[in-house]
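The values are calculated or read from the model by the stated rules, or taken from the named source; none is laboratory data. Owing to the predicted nature of the structure, the values given are computational and were not obtained by experimental measurement. All Cβ positions, glycine included, derive from the backbone under ideal geometry; neighbour counts span all protein chains shown. When the accessible area is computed, the model is the full protein with side chains, heavy atoms only, and any ligands, DNA or RNA have been set aside. Shrake-Rupley method; radii C 1.70, N 1.55, O 1.52, S 1.80 Å.
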Amino acid sequence: MNTPTDPPLPAPLPTPQAPNIDCLRDLTRKDFQTKQEVRWCPGCGDYAILTQIQKLLPTLGIPRERFVFVSGIGCSSRFPYYINTFGFHGIHGRAPAIAMGVKAANPDLSVWVVTGDGDGLSIGTNHLIHCLRRNIDINILLFNNRIYGLTKGQYSPTSEFGKVTKSSPLGTIEHPVRPIQMALAAEATFVARTVAADPAHMAQTLEAAARHKGASFIEILQNCRVFNDGTFDQVNQRKNVDDRIILEHGKPVRFGPNGSRGVVVRNMQPEIVEIAPATTDVPGLLVHDERADSPALAALLAALEPPQFPTALGVFRAREEPTYEEMMVQQIEAYQARRGPGDLRRLFASGATWQID
Amino acid sequence: MNHASTKELVQVSQSTVRFAGDSGDGMQLVGNQFAELCSMMGNVICSLPDFPSEIRAPAGSLAGVSGYQLSFGGQDVTTPGDAPYALAAMNPAALKVNLKELQPGGIVMVNEDEFTPANLAKAAYAVSPLDDGSLDGYRVIAVPMSRLTEDATLNSGLSPSERKRCKNFFALGLVMWLYDRPMQPVLEWLMRKFQKNPAVMAANGASVRAGYNYANTTELFRVHYQVARASLPRGTYRRVNGNEAAAMGCIAGAAKCERLLVYAGYPITPASEILQELSKRKEFGVRMIQAEDEIAACCAAIGAAFAGAVAVTATSGPGLALKIEAMGLAVMTELPLVIINVQRAGPSTGMPTKTEQADLLMALYGRPGESPAVVLAAATPKDCFHMAFEAVRLATKYMTPVILLSDSFLANSAEPFAVPDPERLPNLRVEPPASPEGFAPYRRNPQTLARPWAVPGMKGFEHRIGGLEKEDVTGTVTYDADNHRRMVDLRARKIAQIANDIKPAEVVGATSGRLLVVGWGSTHGAISAAVSQLVQEGHQVGHLHLRHLNPMPANLAEVISKFDRILVPENNAGQLSVILRSRFGTHIESLNKVEGRPFLVREIRAAMEGILSREHAN
């Protein structure tokens, strides 16, 4: 039993003030800019992503002090310094683990992880997978430029097989990691791909991720002007309709001029079919279902890649599932409701005790 | 007929008993029960379980022997005992492994049913030791424990093999008679423990009674012992081992900070129990993360600290090695973080269930760059409570990672713990910065040099920190040379001046004279017993036990200067010695034991006597 003189129980963390809507309306992109000079190379894809995020945050209805950006190491991981929220520049590969701790301590925060193909898919793959399978409500932005930029041009885990780089003068002998398939294998509840060179597509994808409750994984294809220029040129351009599939939930998977081509599955393999103008019923034509139970079809779409296939962009998977921190807090609250709050006196004297008089 | 009247009851000041059998024989269970019984009877106890890493090594094999040793008696009990006086050995392998440590003339109770040709062969006995005279120096009591247990439990409703499994309780019954212990508390415990399994409850109850009555009636047992009670201060007591105590210390620390406790850990022997203990404490709102690895555990704790929680992670040596980079991040970001390292024998995987103190230098220096952190060490199992609380206090007050060193011996060893009064624990509240006006992430408190703990959710305090070098005050990233020198100095000074906020070094025994024994960690019990014996014999010797290893108490140099010689016993190859020698001179001698086992009192005593006689000869 709690006596009135017992020490106070751990108080909740300082509760952020309830959002003041009038004040929120005033938040603009400028509120999210810092005084720190942005030091990415001229022409780097990171600038475009930073701009989109700075535009998106004021629209989410979340007070600025509730945003936390966590990063690892690499060019992308400088991101938190350039955005005027709480920010934590961590160590190589560990941002998802740090973010997990932030979210566990205070589930009310909007937590974002910024990582790259080296940080997130090489040294930190482990944490990324576990963060996704736990479904922690965090938005993970993976900037994929298929190269180690900050260390000046070694191949990365997403570099194409045979790619010549400073550390692979005769070409790599490694097959690349496929980020979307990896996230789908972890059964992440939100998985999407966009391109830094297409601001409109990026904006809508980022917003969908931000509004998703649960772990969101967004692969952002992005150029490295200095060490891997032009790596995603084919998919960057909206006009390259033969090279891009824009996924839309509930819509047939079509691309090409006026949607004249589509993707079907035959013998478990994807194939491209030509769709004659004005055809309405194409046998076997895939219809995208981002809410499907099984991530298998999403994985098949994610695996499409040049030169045989176009690259699919958009949301591969989006499902509402209970989040890690939600269940963590529910367990605690249910236990406390059943057993009462913690009492140090009772804790200290738990188990068998005896008196010395 | 009252058989007991024919038996002699002898008073002794303390005794040591060891239960030994196969790792599946339930030796830890009955050992623990006996320890609890002795505690409740007013003894001071100190226990040491000794079990193999394998969960179930082959039955009857030497590798599969599991033991539980308990020393009990008056206040002078500070270790699990150098040598058992009584040994209960459930099979030939248990006898073989444990006999060599038994006191000459000690009592050996064996389960003779298990001394079959097959079991003797597994224990590499050519001839049964019960027949070849090799046990002549001991009082051997061979009892058909398996058969008697089966007979006693006939009506329990259990199968014969299940009934035979109750023989550990038969052995407990024998030992209880040997030390004149009451039956009732054990029966009550059985009723609670096996509430849902009345057949097992009844069978174990019948076994323990049968063992007790057998000893009481048979002529094999002639003498039994009454062990002195301790005169402990008034109060409520319980038993704790080091891991339980550390877990409670963290909960108490967070409660006194009035903050959430976030614990992130990864299972590792011998620290897993802390993870398990804290995962049970949902009533305190402990947010427990079982991370994917040691690195993630440390990083999650850092993230939680950034978000304003009291953050703790615990591990053992191999895990500490993995956490090193993240600990450097906590040093750089100046966040409060408690890292409990329950040391075990290394290097590498080493001997996971065996004790050692060989991570001291790693804790002090094992980080890239000039990376000072607070290092503490608990001296006894119950001290793990106080030092975990101290770790939370220092981490939050000074915004620094704190490494608390425990070890496998402390983790598993248990002793009586005077249940503290929560109201008498100090408040550890750390005030958050009051106003965003003039806030800068590295604007330090002029007294503590701690930076402000402004956490996400606090309006107007938005800031960014990380592993890159920070500009003094503003926290902006900078590679400026002067600034780096200043920040390295500030980080070092912040930790060094904590020496003014910890208990001064205090010597037990003589405060000046011939010899001072300086220890840290789990060597406390053995050193204090050895020093107290020699003090009683009129020697000018003292005992100083360091609980703060970085920074060390401010008066340490002065204390040490009052003795001619310094002896530093450690379960490592001489790590504290190296540090003390570098600071205080060459009159510091090492006594090292790196065998995976704690010191015996007589080993410390012998080293002290060696120095004293040498000094005398000079």
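Structural remarks
- For the stretch B:124-136, the Karplus equation 6.51 cos²θ - 1.76 cosθ + 1.60, evaluated at θ = phi - 60°, returns couplings of 6, 9, 6, 10, 5, x, 6, 10, 9, x, 6, 9, 4 Hz by residue, with Gly and Pro reported as x.
- Computed lengthening from B:Arg222 to B:Glu537, 0.36 nm per intervening residue step minus Cα-Cα distance: 110.0 nm
- 28 Å Cα-Cα threshold exceeded, pairs from B:Lys256/B:Lys382; B:Lys100/B:Lys167; B:Lys397/B:Lys593: B:Lys397/B:Lys593
- Between the Cα long axis of helix B:27-40 and the first principal axis of chain B there is an angle of about 80°, rounded to the nearest 10.
- Buried on assembly, the stretch B:289-305 (at least 50 Å² less accessible surface than by itself, 1.4 Å probe): B:Ile289, B:Glu292, B:Cys299
- The stretch B:136-220 shape via C-alpha gyration tensor axes, a/c threshold 1.5: oblate
- Here A:Lys166 is the anchor, and the lysines within straight C-alpha reach of less than 28 Å, apart from those fewer than 8 places off in the same chain, are A:Lys152.
- Cβ charges +1 (Lys, Arg) and -1 (Asp, Glu), total dipole of the stretch B:507-617, debye: 120
- Cβ-placed point charges (K, R +1; D, E -1), dipole of chain B about Cα centre in debye, nearest 20: 960
- Between B:Gln11 and A:Arg29, the modelled labels are 9.1 nm apart [label points 7 Å from Cα along Cα→Cβ].
- Label-point separation, B:Leu187 to A:Arg266 (7 Å along Cα→Cβ), nm: 8.4
- For B:Asn483, the shell of other residues with beta-carbons less than 10 Å away shows a net charge of -2, using +1 for Lys and Arg and -1 for Asp and Glu.
- Among the listed pairs B:Lys354/B:Lys562; B:Lys193/B:Lys280; A:Lys55/A:Lys213; B:Lys323/B:Lys354, those beyond 28 Å (Cα-Cα): B:Lys354/B:Lys562
- Among the listed pairs A:Lys30/A:Lys103; B:Lys282/B:Lys470; A:Lys103/B:Lys470; A:Lys30/A:Lys163, those beyond 30 Å (Cα-Cα): B:Lys282/B:Lys470; A:Lys30/A:Lys163
- B:Ala418-B:Asn155 FRET efficiency (beta carbon distance; Förster radius 45 Å; 0.05 resolution): 0.55
- Computed [θ] at 222 nm, deg cm²/dmol, chain B (DSSP H ≥ 4; -39,500 (n - 2.57); rounded to nearest 500): -11000 deg cm²/dmol
- For the protein assembly as shown, share of DSSP beta bridges that run antiparallel, in % to the nearest 5: 35
- Using a Förster distance of 30 Å, the FRET efficiency for B:Ile55-A:Ala337 (Cβ separation, nearest 0.05): 0.25
- Put simply, the convex hull of the Cα atoms in the stretch B:3-227 casts, on average, a shadow of 11.9 nm².
- Of all accessible heavy-atom area on chain B, the percent that carbon and sulfur account for (1.4 Å): 52
- Cβ-defined net charge surrounding A:Lys251, 13 Å radius [Lys, Arg +1; Asp, Glu -1]: -2
- Only Cα pairs under 8 Å and 6+ residues apart enter the sum, and on that basis the relative contact order of the stretch B:69-218 stands at 19 percent.
- Normalised contact order of chain B, rounded percent, pairs of Cα under 8 Å and 6 or more residues apart: 12
- Solvent-free Debye scattering, log10 I(q)/I(0), computed from the Cα coordinates of chain B at q = 0.07, 0.11 Å⁻¹: -0.49, -1.07
- DSSP finds beta bridges in chain B, and of those with both partners inside it, around 35 percent are antiparallel.
- For the pair A and B, the buried accessible area comes to roughly 6100 Å² in total, with a 1.4 Å probe and the value rounded to the nearest 100.
- On the beta carbon distance between A:Thr51 and B:Lys459, with R0 = 30 Å, the FRET formula returns roughly 0.75.
- Tilt relative to chain A, helix A:46-56 - C-alpha long axis, 0 to 90 degrees, to 10: 60
- Mean separation of Cα contacts under 8 Å (6+ apart) over length of chain A, as relative contact order %: 15
- Cα→Cβ-extended label distance, 7 Å offset, between A:Glu248 and B:Ala557, nm: 7.8
- Counting DSSP beta bridges with both ends in the stretch B:220-378, the antiparallel % (nearest 5): 10
- Helix-only CD estimate at 222 nm, as mean residue ellipticity for chain A, using -39500 (n - 2.57) per DSSP H run (n ≥ 4): -7000 deg cm²/dmol
- Per residue, in Å², the accessible surface of chain B once ligands and nucleic acids are set aside, probe 1.4 Å: 37
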